[in-house]
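A short write-up of the structure that comes next.
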DNA sequence: TCCTTTGTATGATTTTTATCATGTTTTAGG
DNA sequence: CCTAAAACATGATAAAAATCATACAAAGGA
């Protein structure tokens, strides 16, 4: 029973994806993969739903995966250069990020709506933060021993 | 067909409410009321759904209403001192506003999650903007003749 | 007082999002 | 090869949000 369903900056799915990506950044690399089965509880989501999200991220090259025995999900060196924005875009869709705060299709920088100057900057700040945060930097200050999961 | 359903700062309902409140600020006062019937197209939402939202706002004192013949919805002098945050809280619920970006229930200022320092500030900026904007100030610079609706 | 006009309250329906389940494909080891 | 272990793909179900519809209550005018 989640009390915080609305007023979301991002959807629940994207939140799961971000948590998962933090987990992968912390625990995996090309040699050390992990199974959905072994991480879903840490992300506080069901195995099959996390699988779906990870497949989506993998298909778009944000994370890596290997099929078959010994396979699993992991973050490669290249993956670590991707940003949180990449994660959000895969899950929420490309255009969602640029949408007007009021959902007005005709609103853009040239033809701003009444709220544009008001809420635009903070939305932009949010986007900038997502863009500036590489997956690598997510876990920079976190010593592997320090337990931050489950999230 | 709305392309911008996710990655929302606020829900569609709150967006309708904000648009409606801008409309009321622009067109009404204690003497001049307006019917849902006469404003729903300007807000780009159905009559009955807008009615529900306005009733919600009215019940919480954010806007005013009068029943019966000659009635309608309007913004009183006092209403105009309310803020966008009041509108959002009525529609989204009180606690939604303070929720963690990752939806972690144990996350707060004392015990911040990994994303807190990263996205917290821009969320806070967003909240501050909502709080700082009175309904009166929403239409400050807008001459009544200048058509900004439908939104 | 009665009738029309309005908002109010409540519940049903639809659409979207989230979740679950089941089968398919690929890979590595024996 | 064959088999088991893994991701992948797809569709079914459940939950939540958005939308619609219908009956009720209050207010004002004739």
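Please treat every number below as a calculation from the coordinates, not as lab data. Everything numeric in this text was worked out from a predicted model, so none of it was measured. Reconstructed Cβ throughout: ideal geometry from the backbone, glycine too, with neighbour counts over all protein chains shown.
Data overview
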quantity: Shielding of B:60-73 by partner chains, average beta-carbon count, 10 Å; calculated: 0
quantity: Distance (nanometres) between label positions extended 7 Å along Cα→Cβ at residue B:32 and residue A:131; calculated: 4.2
quantity: Angle in degrees between helix B:116-132 and the longest Cα principal axis of chain B, rounded to the nearest 10; calculated: 20
quantity: For chain A, calculated [θ]222 nm from helices alone, where every DSSP H run of n ≥ 4 adds -39500 (n - 2.57); calculated: -12500 deg cm²/dmol
quantity: Pairwise label distance in nanometres, residue A:105 with residue A:66, each label 7 Å out on the Cα-Cβ vector; calculated: 4.7
quantity: Computed Rg/Rh of the protein assembly as shown, alpha carbon atoms with Kirkwood Rh; calculated: 1.05
quantity: Using alpha-carbon coordinates, inclination of helix A:12-27 to the longest axis of chain A, degrees; calculated: 40
quantity: 7 Å along Cα→Cβ, label-point gaps from residue B:65 to other copies, nm, shortest first; calculated: 4.9
quantity: Region B:12-74: proportion of alpha-carbon pairs further apart than 19 angstrom, %; calculated: 17
quantity: On Cα atoms only, tilt of B:47-59 relative to the major axis of chain B in degrees; calculated: 70
quantity: Over region B:33-151, equivalent-ellipsoid semi-axes from the Cα gyration tensor in Å; calculated: 33, 17, 13
